[in-house]
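A.B. asks: There's a structure below that I have some questions on.
The values are calculated or read from the model by the stated rules, or taken from the named source; none is laboratory data. Everything quoted here is computed from the prediction, not taken from an experiment. Here Cβ is always computed from backbone atoms with ideal geometry, including for glycine, and neighbour counts include all displayed protein chains. Heads up: the accessible areas ignore ligands, DNA and RNA and are worked out on the full protein's heavy atoms, side chains in. Shrake-Rupley method; radii C 1.70, N 1.55, O 1.52, S 1.80 Å.
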Amino acid sequence: MINQPDGAALLEEARRTLMERLLPALPPEEAYAARMIARAMGIAARELQQRDALDTDATGAIAAFLAEAGLSGLPADESTLGRLIREQRLPASSQKALPDLLMRLTRHKLALSNPRYLS
Amino acid sequence: MTAPEQALAGYLRRQCGAQSAEVLEFSRLTGGAIQDNHALTVRMTGGSHPGEHRLVVRSDAPSRIASSLGRVQEFHILEAAHAAGLTVPQPLWLCEDTSVLGRHFFIMRRAPGTSAPRAFLRGALGAEQARSLTRRLGEELARLHRVHPPRPELEFLTRPDAPPAFHRIRVCQEALRRIADPHPVLEWALDWLAGHAPVSHDLALCHCDFRTGNYMVHEGRLSAVLDWEFAAWSDPYEDLGWLCCRSWRFGAPEREVGGLGDKLDLFAGYESVSGRPVDARRVEYWEVVGLVRWAIIALQQAGRHLSGEEPSLELALTGRMVPEMEFDLINQIGRLESTPPEASLP
């Protein structure tokens, strides 16, 4: 059992302290480094909160896509997908659904790394 | 005077036949993971260059990206660009004698102004200034693209053995193979690029990193095109596509030319010098190339952190920017697929 507040909540609070209290007090040449630290903490916090659910959704979406393409025996992960695309082994019928799947996976990644890019 | 200052003063005295050379300023300039830049101000008496000179000393940095040119080659590129009439810092002296500074360096004039995008994007310039600067970027590129192979002084630049788009695709594919993590979006984009590549064999001298952040602006006008270390013989459209690529708009995505202006103005400037109409669709194709290329560079930068070769939060975070390029790739390819070629004019 993890004590409260959990890791994600601690990172968020630490990030807020960095941005609101420390950043204004830092010399201007250190502001960029402080913003990078805040960004890294934000990514880490979002991963703790959302990653499991996003990974589960991604695996399900890849599995459904592979089944539709008649390739259900393969592992439902990005390595498989990348290899099938590179080796041009996806049937023509699945080409239309591919961009939608890729966009879904990419949205998941952006939800962790930079959710503002999605807005 | 510090040891490098003394060495440079002595070098300039010999180079210019000066009676004296006094270093008034020698300080590190920002930027450059692959080269060191120092501002140098000297006052010389006698010889070929009497008076005060504001200069930049550009030398090889200890670490280097494999695909970039060294300073000796970059000096020759800069000379070719200067001779072609581009707005570049005038290249003055190249020193291949490593006993002076311990590595190769060249000296060029220091241009006034700044390359920091925030100083001239997002309303920092008036609308007319931004338009004329955008047009000017087109004129500059067209001037550069008048330089065609063969050029004996640029014989170190290899000529691609396939149409430039295919060459670039192959280089990206090979780089992607060397990256451990899977990147299905990049694989898919490379597949699309291969299926839509222009078969043009046009080759011209290309800057290959011509984007906002790599040119200087002074009082609203272009003062210098910088950073020539990725120059290559390529399809001239590669430079137009890289400049317009979604990744280099610095928070102003609606301004398609580097966050600064509109394609119509860029193309008008280009056409006024080249005398040939710009094919907007082909620019968009090369924007897709640009997104893939930048994504792979970002993965390589993250790789330098991951391998322990150069632990750095900045490099690590660059790797986490790749989904942004992938998002743009899916959208841009989708747009190109859904618009017929004749409807793509800006």
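A.B. asks: Do the conditions hold for B:Leu176, that is, is it closer than 15 Å to B:Glu238 by Cβ and either surrounded by fewer than 18 Cβ atoms within 10 Å (Cβ to Cβ) or within 14 Å of chain A (Cβ to nearest Cβ) (or both)?
C.D. replies: No: the conditions fail for B:Leu176.
A.B. asks: Do any residues in segment B:128-156 that are farther than 13 Å from B:Ala204 by Cβ have Cβ atoms under 8 Å from those of residues that are in a loop (DSSP other than H, G, I, E, B) and acidic (Asp, Glu), where the two are at least six apart or on different chains, and which pairs are they?
C.D. replies: From segment B:128-156, the pairs are B:Arg131/B:Asp262; B:Thr134/B:Asp262.
A.B. asks: Now for a different question. Is at least one residue of segment B:247-267 out of contact with any Lys or Arg (no Cβ under 8 Å at 6 or more places or on another chain), within 14 Å of chain A (Cβ to nearest Cβ), open to solvent by less than 10 Å² (accessible area, probe 1.4 Å) and in a helix (DSSP H, G or I)?
C.D. replies: no
A.B. asks: Using the structure shown, decide if B:Ala232 is within 14 Å of chain A (Cβ to nearest Cβ) and on the phi < 0 side of the Ramachandran plot.
C.D. replies: No: the conditions fail for B:Ala232.
A.B. asks: I've got another one for you. Being surrounded by 14 or more Cβ atoms within 10 Å (Cβ to Cβ) and within 11 Å of chain B (Cβ to nearest Cβ) narrows it down to one residue among A:Ala33, A:Ala44, A:Ala64, A:Ala69; which is it?
C.D. replies: A:Ala44 is the lone residue from the list that is surrounded by 14 or more Cβ atoms within 10 Å (Cβ to Cβ) and within 11 Å of chain B (Cβ to nearest Cβ).
A.B. asks: Can you name every residue in segment A:96-118 that is more than 16 Å from A:Glu47 (Cβ to Cβ), more than 8 Å from every other protein chain (Cβ to nearest Cβ) and not hydrophobic (A, V, I, L, M, F, W, C)?
C.D. replies: If the condition is that a residue be more than 16 Å from A:Glu47 (Cβ to Cβ), more than 8 Å from every other protein chain (Cβ to nearest Cβ) and not hydrophobic (A, V, I, L, M, F, W, C), then A:Lys96, A:Asp100, A:Arg104, A:Arg116 are the ones that fit.
A.B. asks: Here's a follow-up. If I ask for residues that are within 7 Å of chain B (Cβ to nearest Cβ) and open to solvent by 70 Å² or more (accessible area, probe 1.4 Å), which ones from segment A:73-87 would you list?
C.D. replies: A:Arg86, the sole residue that qualifies.
A.B. asks: Another question about this same structure. Here are the criteria: (1) assigned to a helix (DSSP H, G or I); (2) of a type in the set (Asp, Glu); (3) surrounded by fewer than 16 Cβ atoms within 10 Å (Cβ to Cβ). Tell me which single one B:Glu310 does not satisfy.
C.D. replies: With (1) assigned to a helix (DSSP H, G or I); (2) of a type in the set (Asp, Glu); (3) surrounded by fewer than 16 Cβ atoms within 10 Å (Cβ to Cβ) applied to B:Glu310, the lone miss is (1).
A.B. asks: Can you name the number of the only condition in (1) open to solvent by 60 Å² or more (accessible area, probe 1.4 Å); (2) more than 8 Å from chain B (Cβ to nearest Cβ) that A:Asp57 fails?
C.D. replies: (1)
A.B. asks: Let me ask something else. Can you name the residue in segment B:97-128 that is in contact with an Asp or Glu (Cβ under 9 Å, 6 or more places away or on another chain) and not hydrophobic (A, V, I, L, M, F, W, C) and is also farthest from B:Val42 (Cα to Cα) among such residues?
C.D. replies: Per the criteria, the residue is B:Ser115.
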